[in-house]
Structures are given as C-alpha cells and as structure tokens.
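The values are calculated or read from the model by the stated rules, or taken from the named source; none is laboratory data. A quick note: this is a predicted structure, and the numbers were derived from the prediction, not measured. Note that we place each Cβ from the backbone using ideal geometry, even for glycine, and neighbour counts take in every protein chain shown. SASA here: full protein model, heavy atoms, side chains in, ligands and nucleic acids out. Shrake-Rupley method; radii C 1.70, N 1.55, O 1.52, S 1.80 Å.
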Amino acid sequence: MGFDFSSLRSLFPALCEHGGGQRLLYLDNAATSQIPKFVLDAVVRHELESRANIQRSSHSLAEKATQAYNNARQSVARFLNVASSDEIVFTAGTTSAINLLAHGFGNNLKTGDEILLSEAEHHSNLIPWQLLGQRVGVKLRFIPVDEEGRLDLQKLPELLTTRCKLVAITHCSNVTGAITDVKPIVAAARAVGARVLLDGAQMVPHGPVDVQTLDIDFYVFSGHKCFAPNGIGVLYGRREELSQLQVFQGGGGMVDHVSLCESRYATAPTRMLEAGTPAIAQAVGLGAAMDWMQTLDWPAIRAYETRLLNRLLNGMQKFPEMKLLGSRDTHDRAPVVGFVHETIHPHDICHILNDYGLALRGGHHCAQPLLNALGVKAATRASLAFYNSEDEVDALLAALEEVIDILT
Amino acid sequence: MSHELYQQQIKQLAADADDVERLKFSDCTASLDTPLCGDEVLVEFKTSADGRITEAGYEVSGCLLCRASLSLLNRYALGKKLGDIARVTANLEEMLVHGRPTQIDDDIDLNCFKPAQAHATRHDCVLLPFRAALNALGHSMATSRY
C-alpha cells in the first residue's frame with residue numbers, strides 16, 4: 001500500500017501553504033493533532049443533513065442521526081478490534097473517561113483496596129484516582145520509572161498484591177514517548193485478580209490498537225489527539241466489566257423507567273453510561289477519522305515516524321547543553337521528544353520558536369510526577385505525527401541554534 | 001516578535017536574578033508557581049514595626065520573564081509597604097491584561113514588560129513574583145502585629 005506523504009499531508013488544511021502567511025510547522029501533536037478536511041466535512045455534513053437528537057424521536061432525521069452515531073461507535077470498535085460496539089462508550093475525552101471509571105469502577109471499591117498507577121502518568125490518570133482515594137479510602141501505589149522514563153517492571157511483584165483491584169497505566173508517555181510493555185503487566189495483574197486500564201491518549205494517533213491482543217479490561221483515548229474533533233473520547237470496556245460499573249451521571253437517555261422517587265437504569269452500558277445528549281457530530285467526526293486511519297499503511301507510517309524521530313534525536317546531539325528526556329533507543333518509542341536546556345527555560349524556547357512558525361509546547365505537560373522523577377521541573381516537547389516532514393525537523397534544529405544564540 | 005520581548009534590558013534583569021539569595025531569618029514568606037510553565041518563586045521579607053520591608057530574600061526557578069520580574073521586584077521592594085507592592089502589582093496587571101498605560105512610579109519602571117502584553121500566556125510569568133510578594137506581606141498582615 002505504501003505511504004504517500006504529500007497526498008496525506010495535503011488532507012490537513014492547517015498544514016498547507018496559504019501564500020503570503022508564515023508556514024505552520026506544527027510539532028505539538030501530543031497536545032492536539034490537526035484535523036483533515038474530510039473529517040470536518042463529515043461533521044458539517046452531519047450538522048447540515050442529519051442534525052437531530054438520537055435514540056429519542058422517531059422522525060426520519062432522528063433516525064439518520066441515531067444511525068450515524070451508532071455507525072461511529074462501530075468505527076471505533078473496528079479500530080480497537082473490539083468484538084461488539086456495545087463495549088464502546090463515548091465520553092468527552094480521555095479525562096472524562098477516566099473520571100467515569102474512577103466513579104463507576106472506583107465506587108465499588110472499599111477502604112484498603114489498592115490501585116496501581118505509575119510515575120509516568122498524565123495528571124488525567126492520576127487525579128481522578130487521588131479523588132477516589134479521598135472518597136473511598138483506596139490506596140494508590142506507583143510503578144517507578146527508570147532514568148529513561150520507562151516503567152520499572154521489576155518492581156511489579158512487590159507492588160501487586162491481592163489488594164490491588166486495578167492497574168491503570170499509560171500506554172505511551174506524553175513526555176518521553178515510551179511505549180509501555182503491556183504484556184507482563186497484564187499477566188501480573190491477572191495473577192492477583194486486578195483489572196487493567198490503559199490510557200491510550202498518546203498511542204492511538206500512531207495507529208490502530210488491538211485491545212483483544214492486549215487482553216486488557218479498559219482502554220481510553222481522546223478524539224482531538226487522533227485527527228478527530230474536540231469534545232469526543234472513548235472508553236472501551238469488556239462487556240462484563242462495563243455492566244458492573246456504577247452510574248456516573250444521571251440524566252436523559254440512560255434510563256428504562258423514571259418515577260418521582262426512583263429510576264431504573266438502562267441495562268446496556270452504552271446507554272447507562274452516556275447520560276444526556278452526547279456530542280453527536282463530534283462522534284461522527286471521530287468515526288470518519290477512525291475509518292480513514294484503518295485504511296493507512298501503518299507499518300510504513302511507523303517506519304517513517306521512527307525515521308523522523310531518529311533525525312531529531314541525532315540532530316539534538318549538536319546541543320551538548322540540552323538534556324534529552326527518554327530513551328535514545330527508538331524501539332517501542334513514539335515520536336515524542338522532551339528536552340531541557342541547562343539555562344534556557346522551555347517557555348522562552350517555545351516563545352522564540354513561534355517566531356519561526358514552530359509550534360511546540362513547554363512546561364510540565366500535565367505530568368509533574370514524571371518530570372520530578374526525571375529530575376526536571378519543565379521541558380520543551382516536540383511531538384511528531386506522520387504528516388510532519390524531515391524539513392520540519394531540520395527547521396526545528398536550526399531554530400534551536402538561533403534560540404540558544406539569542407538567549408545565552 | 002520575540003526580539004521586542006527578549007530585549008537587552010529584560011535579559012539583564014533576568015541575569016541579575018541569578019544573584020538573589022534567601023534570608024537566614026524572615027518575618028513572612030510565600031511560594032507561588034505557575035502551573036502552565038512550571039515557574040516557581042519564593043519571596044521572603046523582614047519588615048519594620050510600621051510594615052516597611054527592610055530585607056528581602058528570594059528563590060526563583062523560572063523563565064526569563066519571571067526572573068526579570070523578580071529582579072525588578074528586588075530593586076523596588078526595600079523600604080516599601082504592602083500598599084506599595086499592591087499598587088505596582090495592580091499597575092502591572094492593568095498594563096499586561098488591559099493594555100492601559102502604567103501609572104508613573106519613580107522607583108520602578110514597568111515598561112520593559114509592555115511587549116508581553118500581546119502574549120497572554122506569559123502574563124502570569126511576569127506577575128508571579130509580585131503576587132508572591134503580596135501573599136507574603138498579606139500573610140504577615142493577617143498574622144502579625146500590623
């Protein structure tokens with residue numbers, strides 16, 4: 001099938017030359033990816049031709065909207081290789097998916113139970129569990145990271161006991177790009193009867209995920225990081241796990257019967273866990289993005305992304321005053337590169353890079369515990385996607401030289 | 001463009017912040033950080049019976065704008081009271097957030113931060129040291145003899 005870079009990039013209007021204006025060199029994909037025009041078209045078409053509430057009215061437009069929403073759910077199910085779309089719950093994003101779990105799963109726990117996280121977690125996969133700990137008395141334990149930011153799995157045996165009810169860890173770090181070795185974690189969790197949640201926010205932009213092969217219980221990700229609209233995300237859960245979750249939010253659409261004093265909730269998790277009118281058009285956009293991503297040649301794309309990553313890592317060697325976060329080994333690493341200059345603050349670096357049209361993020365990346373573990377307070381991050389070019393990597397390296405020249 | 005922001009005066013102010021030190025003893029102290037970028041500032045003062053700052057100590061880990069601002073605070077603070085710091089902080093905020101010209105205070109020139117006005121994400125970096133100073137003095141007001 002191959003990988004035609006130019007035609008693929010041309011799908012993204014924000015990345016195209018507009019004539020006269022400064023070219024956008026977008027290297028902040030771990031924060032939010034750009035969106036292809038056909039995804040926007042799918043959203044607009046839905047709003048123009050099928051806008052109605054779902055699962056409520058019987059008129060034709062409502063049926064079209066319901067069908068479109070259900071189709072999007074099926075698209076996500078195919079992307080994750082899920083047996084049934086009944087196991088896909090739409091949320092507002094990764095954060096809301098994890099918060100849903102922290103209530104729905106967490107409220108079934110009791111004082112003394114444990115949840116195993118890691119030092120590498122995004123705040124989204126930390127704070128909801130801290131809040132649960134405060135509510136229920138659940139104890140949080142943490143897999144430490146090594147000096148490259150990879151989870152130190154040698155600690156698993158001492159961290160995982162029968163008190164552990166859930167292992168909730170990142171599939172891919174948003175700071176170091178480290179891809180978690182999931183298999184031994186799942187095996188260890190199974191041995192003590194714990195469930196496994198993977199935070200896939202940074203993994204999904206780099207290709208379809210097979211949750212059956214991963215053999216996990218829950219998977220979450222956001223649409224806006226994988227070429228889809230904002231305001232839509234996904235919680236995958238095994239059917240038997242979803243059906244045991246407690247209700248998180250109440251409202252229309254999630255009930256079979258309501259009286260003044262009590263309600264009988266819908267038994268289908270996709271209804272029970274999606275109270276109120278969902279983000280229908282955004283789900284349609286996500287479905288379009290998922291369908292398209294499944295048509296791409298991912299082995300070729302991953303090889304290309306690794307080439308970009310290598311080019312960036314090698315290029316950074318000319319800055320001896322720059323500390324690179326993460327492994328130099330590109331094996332099991334997404335094209336995310338965090339770096340820290342010995343005297344120049346990331347915010348200043350990003351500010352000046354913006355003059356060159358380069359969009360990067362500086363700060364703690366909502367991963368303060370990881371940065372603490374790596375011995376830094378803030379970092380600059382270049383996060384690449386398959387639509388980035390070698391020219392853009394070279395432009396970053398050249399601009400960094402000038403930043404250092406200006407500020408030292 | 002960045003060259004307006006990262007001009008020589010700002011860079012010199014930021015460099016001066018390398019020399020700030022903590023106090024051995026202080027009457028009041030406050031730490032603040034900006035979650036967005038990770039700037040961290042600690043401000044501590046010794047004050048006289050009438051509330052004037054007699055000694056100031058600092059610790060800063062932050063961006064160039066934050067360090068430049070801290071340096072400006074350091075030059076200004078001695079002999080000043082809570083009300084003076086509050087007035088300057090309000091002036092700085094007015095200039096950055098609302099684009100209004102600063103009121104003239106002979107002891108401090110805030111105009112070097114005017115170019116930051118166009119960069120809303122950087123306002124907190126500039127304001128952080130002054131806000132920390134207010135917190136320190138405010139805490140002192142609330143808990144001590146003043």
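Whole-Å semi-axes of the stretch A:200-243's equivalent ellipsoid, largest first, each the root of 5 times a Cα gyration tensor eigenvalue?
Values: eigenvalues 81, 35, 7 Å².
Semi-axes from the Cα gyration tensor: 20, 13, 6 Å.
DSSP beta bridges in the stretch A:163-252, what fraction antiparallel, as a percent rounded to 5?
45 percent
Rounded, prolate or oblate: pick one for the stretch A:126-232, where a ≥ b ≥ c are the square roots of the eigenvalues of its C-alpha gyration tensor, a/c under 1.5 means rounded, and failing that, prolate if a/b is larger than b/c, else oblate.
Note, shape of the stretch A:126-232 comes out prolate.
Label the stretch A:1-129 by shape, choosing from rounded, prolate and oblate, from the square roots a ≥ b ≥ c of the eigenvalues of the Cα gyration tensor; if a/c is under 1.5 it is rounded, and otherwise prolate applies when a/b is larger than b/c, oblate when it is not.
Oblate shape, in that a/c is at least 1.5 and b/c is the bigger or equal ratio.
Find the sum over both chains of the accessible area lost when A and B are paired, probe 1.4 Å, and report it in Å² to the nearest 100.
In total, this chain pair buries about 1400 Å².
I want to verify a result. In a Gaussian network model of chain A, Cα cutoff 10 Å, which of these has the top mean-square fluctuation: A:165, A:225, A:377?
Between A:165, A:225, A:377, it is A:377 that shows the largest mean-square fluctuation.
Ordering A:37, A:155 by how much accessible area each has at a 1.4 Å probe, largest first, what is the list?
Values: A:37 110, A:155 80 Å².
Per-residue accessible area, sorted high to low, gives A:37, A:155.
How much of residue A:401 can a 1.4 Å solvent probe reach, expressed as accessible area in Å² and rounded to 10?
100 Å²
Could you run the Karplus curve 6.51 cos²θ - 1.76 cosθ + 1.60 with θ = phi - 60° over the stretch B:110-120 and give me ³J(HN,Hα) per residue in whole Hz, x for Gly and Pro?
Using θ = phi - 60°, the values come out as 8, 5, 4, 8, 3, x, 6, 4, 6, 10, 4 Hz.
Carbon and sulfur atoms: what percent of the 1.4 Å accessible area of the protein assembly as shown do they account for?
Whole-percent figure for carbon plus sulfur exposure: 49.
Roughly what % antiparallel, to the nearest 5, for the DSSP beta bridges in the protein assembly as shown?
Among the beta bridges of the protein assembly as shown, antiparallel pairing accounts for roughly 70 percent.
Can you give the accessible area per residue of the protein assembly as shown, in Å², using a 1.4 Å probe?
Numbers: 23270 Å² over 554 residues.
So the protein assembly as shown comes to 42 Å² accessible per residue, rounded to a whole number.
Say we join alpha carbon atoms closer than 10 Å with springs in a Gaussian network model of chain A; which of A:11, A:260, A:40 then has the biggest fluctuation?
It is A:260.
Of all DSSP beta bridges in the stretch A:62-182, what percent run antiparallel (nearest 5)? Kindly include the intermediate steps, with their values, before the conclusion.
Numbers: 2 of 10 bridges.
Expressed as a percentage, antiparallel bridges in the stretch A:62-182 total about 20.
Looking at the calculated P(r) for the stretch A:294-340, what percent of the C-alpha pair distances fall above 15 Å? The partial results should precede the final answer.
Details: 485 of 1081 pairs.
Result for the distance tail: 45 percent.
Students often forget the sequence filter, so: which lysines lie under 16 Å Cα-Cα from residue B:80 once same-chain residues fewer than 8 apart are removed?
B:46
Please build a GNM for chain B, connecting alpha carbons under 10 Å apart, and tell me which residue among B:25, B:130, B:113 fluctuates the most.
Of the options given, B:25 has the highest mean-square fluctuation.
Could you grab the Rg to Rh ratio for the protein assembly as shown? Cα atoms only, Kirkwood for Rh.
With Rh from the inverse mean 1/r over Cα pairs, Rg/Rh is 1.01.
Among A:281-288, A:227-234, A:134-141, A:338-345, what's the highest-first ranking by average C-beta atoms within 10 angstrom per residue?
Working: A:281-288: 26.9, A:227-234: 25.0, A:134-141: 15.0, A:338-345: 20.6.
Output ranking for A:281-288, A:227-234, A:134-141, A:338-345: A:281-288, A:227-234, A:338-345, A:134-141.
Taking all pairs of distinct Cα atoms, average 1/r, flip it, and tell me the Kirkwood hydrodynamic radius of chain B in Å to one decimal place.
One over the average 1/r among Cα pairs gives 15.2 Å for chain B.
If you project the alpha carbons of the stretch A:273-408 onto the principal axes, what extent comes out on each, in Å, largest first?
The Cα atoms of the stretch A:273-408 stretch 52, 35, 31 Å along the principal axes, largest first.
Which shape class, rounded, prolate or oblate, goes with the stretch A:195-315 when its Cα gyration tensor gives a ≥ b ≥ c as root eigenvalues, a/c under 1.5 marks rounded, and past that a/b bigger than b/c marks prolate?
The shape class here is prolate.
Filter A:225/B:11; B:24/B:81; A:37/A:323; A:155/A:183; A:139/A:183 down to the pairs with a C-alpha to C-alpha distance above 26 Å, please.
Going by Cα-Cα distance, A:225/B:11; A:37/A:323 fall outside the 26 Å limit.
For residue A:407, what is the net charge nearby, where nearby means another residue's Cβ is under 11 Å from its Cβ and Lys, Arg count +1, Asp, Glu -1?
Computed value for this residue: -2.
Take peptide B:36-48, look around each residue's Cβ out to 10 angstrom, count Cβ atoms belonging to other protein chains, and average those counts.
3
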